[in-house]
Each structure stands twice: as C-alpha cells, then as structure tokens.
Amino acid sequence: MDKINISLPDGSIRSYDAGVTGLDIARSISEGLARNVLAAKVDEMVWDATRPILRDASVTLLTWNDSEGKATLWHSSAHLMAEAIEQLYPGAKFGIGPDIETGFYYDIDLGERVISDEDFPLIEQRMKELASQKQAYLRREVSKADALDFFGKKGDEYKLELIQDLEDGQISFYESGSFTDLCRGPHLPDTSFIKAVKILSVAGAYWRGDEKRKQLTRLYGVTFPKQKELDDYLLMLEEAKKRDHRKLGKELEIFTFSQRVGSGLPLWLPKGADLRERLETFLKKEQRKAGYQQVITPHIGNVNLYKTSGHYEKYGADSFRPITTPQEGEEFFLKPMNCPHHCEIFSHKPHSYRDLPIRYAEFGTVYRYEQSGELHGLTRVRGFTQDDAHIFCTPEQVKDEFKGVMDIVMKIFKALDFNDYIVQISTRDPKNQSKYIGSEANWEKAERAIMEVAEERGLEAIVVPGEAAFYGPKMDFMVRDALGRKWQLGTIQVDYNLPERFELEYVGADNEKHRPVMIHRAPFGSMERFVAVLIEHCAGKFPLWLVPEQAIILPISDKYNDYAEKVLSLLQNSDIRASIDNRNEKTGKKIRDAELKRVPFMLIVGEKEASEGSVSVRKQGEGDLGTETVGAFAERINQEIRTMLGE
RNA sequence: GCCAUUGUAGCUCAGAGGUAGAGCACUUCCUUGGUAAGGAAGAGGUCAUGAGUUCAAGUCUCAUCAAUGGCUCCA
C-alpha cells in the first residue's frame, strides 16, 4: 500500500497508509483524542473525520474547541433533526438546514401542519433516541441524474431545485439512519457525539429568502456534546433575557411606548431623558474641544431637498408619505437624515480653503419608515436622534479628521467601559470599481488614510472589501456587550457624492473652485440604540457619572429624617444626584428596594451617623463599605467620576 | 410587509361560556425597626379596540391595533 505524509499542527510529519482517515490519525495519537474528533481539516478544507485521505496533506483534527468542530456538530444535528421530523411528520419536505453562529436550523414544508413549541419536547426526545443509536453519517457521491431521480421520487421539490443549480460531479448525499440528504458535508462520524438537544424556536422563513415564494417552517435548535454545556448555554440565555433593554428600560423607567403615539416612536421618561442629556452634554463638550460647531435644522424638508440629495429616488417610496401644504400643495418629507440640511448650511456663503475643515454637529432627530415587523425596542425605531456631524474638508485633511473622530469614539468607549469592540473598515470592491462615485485618486487617498489611522491608533481593524457605500469608504464600530453579542454603534463615512449633488465648493489657494470631501460621523450612532446597548452592556447598572440617581439616603427610622434632609442638601451642593427613602419601612426593606433599583450607593443614617455627621455607605451589589463623613463620600465619588471621564 | 404566537390592575401572571383573581407596587393605620421582603386594612380593571355567535362572552368567530420570535428590508 502507498504511504502518504501527513503534517500535523505541531509541526510533526507522520507517515500513514494512503486512505487513512482523520479518525485513524487521531487514534494513532490517543484514544481520548479519537473520542473527541468531530471533523478534520485537510489542506484548509473541512472534511469528514471518516473520509479517506489519499495524498500528502496537512491535517488538523477538529474538536468541540474549534469553531469548525462546532459547526460540524451543528450541521449534523440539523440532519438529525430532519430525520426526527421525517419520522414524526411523514411527508415533510426539506429546504436547507445549515449550522449558524450558535446551533442550526432546518427549513421545512410541513404542508398544512403547524408546529408549535409544545411539539419541541417530542422532537427533542426523538432526536436523542436517534442520536443514541450511533447512526453513521455515510457520504456518497451521486450523479446529477441520480440525485434528481431520488428526490423526484420522494417528491421534494425544494431539493430538486437546489440540485438543478449544482454541477454534475459535484453532488454528494449523506445518509444517516433513515434520512438521506443532499449535502456537501462535512459531518460527524456518527450521531453519538450529539448528547444534549434543545429545540429553541420556530419561525416562518421564505424559501430562498424571497418574500414572493412559499414560506417554510424554520425550526431552530442547538446541540452539545455534554449536557452541562447545554445547561450553561440555557443559563446564558436566561441571563441575556434579564439584561434585555426592553425589560430593564421599563423597570428603570428609562423609556416607554404608547399605542396611541404609535409604534416605533419611543417616549423618553424623565430618568431616561436625564441620562440621555448627560450623554449628549458629554459629547457636546468633547466636540466643542475638537472644533465642532452646533447647528440646528428643522424636522421636515422640502421634497426638492431630497431630490437633490438623491434620497428621494432611492428611498422615497419607503418613507413616510409626504406632508403637503393645504394651499399650495407643496410637499415636505420628515427628515430621514441630517446631511442634506447641513450641506445647505455649508453653502449659505462662499468658503475659502482657510475655513476648512468645517464641522457641523447636531443631535438631529430623524424619521424613517421601518416595516412594522422590524421594530424592536429602542434598537429599531421609526423616530430617533443621531449624534450627527458632517465635516467638510479637503481631500488632504481626511486623515486628520478621521483621527479626530476616532479619538472621540475612543473617549466615549473608555468613559462607558466598552473594552471589547471591533473596528470594521469597508473599502471598494476591487472587482467592480465602476459602481463607485468619486475619483480614483480620492478613494485611494481616503482608504489609505483610514487604514493608516487605524494602525497608528493601534486598532485591530477588519478590512472588508466591497462593503463600502457607493459614495465612499467607511469605518464602523461594533461593540460586544457583556454577553458577547455584537452591536453596531458608531460610524464614520467618507462621502464624495453629496458634495457633488449639492455642488459644494470652496476656493483654493490657487484661486480656483474645488469640491470639498464630506465626512459623516456618529460616535453613538443613535441615542436610542446606544442607550439600549448600554443598558444591556451594564445590565442596568449605569456608570456612576450617568446613572439618574447616584445615591439614596436611608434613614433607620423617621427620627432621622431631619438628618437625612441635611445630608441630602450637602450632597446636592456637591452635585451629587440623590434622594431620600423616608417611607415607613424597615431598613432591610429599603435596602432591598434600592438594590433592585440599582442605585449605586445607599447611605444609611441613624443615631450614630447623625451624631458624628457621617453616613454608613453600602455599595450596590457589593455591600457594606463602612462609615465616612458626608464630605469625604461626596469628594470620593466625584473623584471617581472625574477619573472615568478622563478629566 | 409576510408567517407564527401573544394582549386580563402600574409590574409579573392565574382564570378557558354564568357579573374579575393573586403577588409585588400604591394609600392609610399599627409598628420606630442597623445592611436584600414587619403586620393590618384599603383603593385600583370598558379583560387591547370594533363587530358577530349566544339567554349569557376575558373565555368562541372575524376584523383592526400593538407586542414577541423569525423572514424580507435598513440612507
């Protein structure tokens, strides 16, 4: 038998008989490894651990610790679920069933039958039974004709359609137990690796994502090689639910919605408005330092403004219907963005190159029609406020301006304890240069500037070619919240389009007219989304400088209410936001309520404190910190805030 | 917008054809209590909205509105 050389990740090269499988290799290393091998990466392709390797290759054995290992287990689980469904609901037809970031789904046509979460345990039970039968996943290559024949007889039009799009000679089937599927693979050696099973949810999904086509039933599930991991995962989901900004926003009285006002139109409650105002003040201060000028523009704009900007053509049909004047029939749109207004401010007078860069900032409230099914808490709404600004500059200034914006973004992230963020730079599609507006030289300059700035700032940016808007490259900031979920927040975008459309100009040193470059930027993105993410990030425990109520004074009994009042006024003189809980309740009760309201400091006052002018400090989530004077406490928390804000 | 599920007190939820229930929150009283729930009483609801079936509708039917989970979309 021929020998082949297999190089392993540790650098070693071992010799095996041709036709050796990943599993064989694992066994030759250790039985323990063999028990955990889910798939094998053979020269960068993920293969079945049971697929014979015929020539020299570098091989990485994939386990649950590798993302490809997880993907393999989940993909195989999708087949397992399909097998269970086929047995439980004969006649089911199958669309696609891939693995996803966490778990897998399968799109199924169940005819008239409806699956609800009451059916989940039944499906889970059947999946576990089938898994324990240790069914092997058997790969076989089939001709297109045979593949069509197989699913034709089965009457599965979805698979037939998929096969039509495939090339003969590239088609493989996987068979496990009673279920055979069209599939590229790879798969687990057998089903016994799947130990813990959970069907998570059911939803409708259009066949091939096309809303004109039939809606299939999509079943989501997740599986694990150990029950413990499933338990941990479910616990994490519970935790995520507890942090949901919709729940916490209600509990902490940050915002609410009203059917009367309309869906997707958030109402900021006093505490939320208070918090938001503090965020805005913080940013305004930074912007003033960075040379921004505040501007204010109206909430509506003449239809011609959006015809000029090009938004009318592109989004007019998907916007709120225009507002018309009663006499003249003039049409106005609720403004969906601030940039056209800011362009008009720029052109209210001629500019010299000496004026640039000009930076117009506005907390501009915009209105966009979002489909009703898309609305979601504060993260997807129909009316929201962008912390918007537009920088008009020369192409040479783009780099410095980018730098300045990034500094602001970093400052915000630091002040809010977002330590885990991802920076994405979107550049042109190298294969299709024609769809972009703006000169080759300027694009080149801007893209390089963005990359250089990221590098100079020591940011690890992901560069995604082809993701740029047609009008310019951009940089987006995604933060991970405490549960590892990704959210897109701030954005910086270079724009060559609007200056063109609005015919913006400045006079250069050469006394000729030039076109400025425009940079759109919003470090928070929108106040609504940002606050939503902030709530989930900090689980409702806002940073001290932001929290609506920093301290609550808890008198032991009403004998000390007068002293509590004195403490309150001292704190207020030191700019600390505080209140008194003088309800006729026991201290334990007041503490519990304050803990649940997530007030950072509880100041307990009684006989001892009143006599010595002190407070007994309890920190939310941590407990008793001991006694200190009112002045010392106030100074301490103010110092803490200054540190946070980098002052 | 599409599919599914849901809508009962400020909040969390029970009630499934026979005049509306609980806990928490709220008000009053008793209690004056030292680091996560003291006791009692009271008040609070067109059962999302509108139509229908029925002697009788939170409860069954339909429509509308809204929310939730997905799909499609996102300047």
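The values are calculated or read from the model by the stated rules, or taken from the named source; none is laboratory data. Since the model is a prediction, treat every value here as computed from it, not as a measurement. With ideal geometry, Cβ positions are generated from the backbone for all residues, glycine too; neighbour counts draw on all protein chains shown. Just so you know, the surface numbers come from the protein's heavy atoms only, side chains and all, with ligands and any DNA or RNA stripped out. Shrake-Rupley method; radii C 1.70, N 1.55, O 1.52, S 1.80 Å.
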Next item on the list: Assuming a ≥ b ≥ c are the square roots of the Cα gyration tensor eigenvalues, decide whether chain A counts as rounded (a/c under 1.5), prolate (otherwise, with a/b larger than b/c) or oblate.
Entry: oblate
Notebook entry, point to check: Heavy-atom accessible area per residue, chain A, 1.4 Å probe: how many Å²?
Noted result: 49 Å²
Margin query: With a 1.4 Å probe and all protein chains left in place, how much of the accessible area of chain A comes from carbon and sulfur atoms, in whole percent?
Written below: 48 percent
Notebook entry, point to check: Using Cα pairs under 8 angstrom and six or more residues apart, how large is the relative contact order of chain A, in percent?
Noted result: 8 percent
Check: For the pair A:Glu640 and A:Gln327, how long in nm is the line joining their label points, each one 7 Å along Cα→Cβ?
Finding: 6.1 nm
Item checked: Cα centroid separation - the stretch A:90-134 against the stretch A:621-647, whole Å -> 54 Å
Next item on the list: Would you calculate the separation in nanometres between label points at A:Ser7 and A:Glu622, each defined as 7 Å from the Cα along the Cα-to-beta-carbon direction?
Entry: 5.3 nm
Notebook entry, point to check: When the solvent-accessible surface of protein heavy atoms is calculated with a 1.4 angstrom probe, in what order do A:Ile556, A:Ile591, A:Ile576 fall, highest first?
Noted result: A:Ile556, A:Ile591, A:Ile576
Next item on the list: Keeping all protein chains in position, work out how much accessible area A:Leu166 exposes to a 1.4 Å probe, and write it in Å² to the nearest 10.
Entry: 60 Å²
Check: Going down the table (A:Lys589/A:Lys619; A:Lys335/A:Lys399; A:Lys128/A:Lys486; A:Lys214/A:Lys314; A:Lys247/A:Lys335; A:Lys134/A:Lys198), which pairs top 21 Å between alpha carbons?
Finding: A:Lys335/A:Lys399; A:Lys128/A:Lys486; A:Lys214/A:Lys314; A:Lys247/A:Lys335
Item checked: In the stretch A:147-211, the GluC sites (Glu not before Pro) that fall in loop regions by DSSP, at most 13 other Cβ within 10 Å -> A:Glu167, A:Glu211
Next item on the list: Determine the dipole magnitude for the stretch A:395-518: charges of +1 sit on the beta-carbon of Lys and Arg, -1 on that of Asp and Glu, nothing else is charged, the reference point is the Cα centre, and the result goes in debye to the nearest 20.
Entry: 400 debye
Next item on the list: Would you please classify the overall shape of the stretch A:306-349 from the alpha carbon gyration tensor, given that a ≥ b ≥ c denote the square roots of the eigenvalues, rounded means a/c under 1.5, and beyond that prolate means a/b larger than b/c while oblate covers the rest?
Entry: oblate
Notebook entry, point to check: Roughly how many Å is it from the Cα centre of the stretch A:149-174 to that of the stretch A:268-296, as a whole number?
Noted result: 58 Å
Notebook entry, point to check: Can you work out the FRET efficiency for the pair A:Leu148 and A:Val464, with r the C-beta to C-beta distance and R0 = 30 Å, to the nearest 0.05?
Noted result: 0.20
Notebook entry, point to check: Of all GluC sites (Glu not before Pro) in the stretch A:109-138, which ones are in loop regions per DSSP and have a Cβ with at most 15 other Cβ atoms within 10 Å?
Noted result: A:Glu112
Notebook entry, point to check: Once label points are set 7 Å from the Cα along Cα→Cβ at both A:Lys195 and A:Asp274, what is their separation, rounded to one decimal in nm?
Noted result: 5.1 nm
Note to self: With a 1.4 Å probe and all protein chains kept in place, how do A:Glu647, A:Glu512 rank by accessible area, largest first?
What the structure shows: A:Glu647, A:Glu512
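Classify the stretch A:551-644 as rounded, prolate or oblate from the Cα gyration tensor: take a ≥ b ≥ c as the square roots of its eigenvalues, call it rounded if a/c is under 1.5, otherwise prolate when a/b beats b/c and oblate if not.
Note, shape of the stretch A:551-644 comes out oblate.
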Next item on the list: Specify the angular offset, from 0 to 90 degrees and rounded to the nearest 10, of the alpha carbon long axis of helix A:144-154 from the longest principal axis of the alpha carbons in chain A.
Entry: 80 degrees
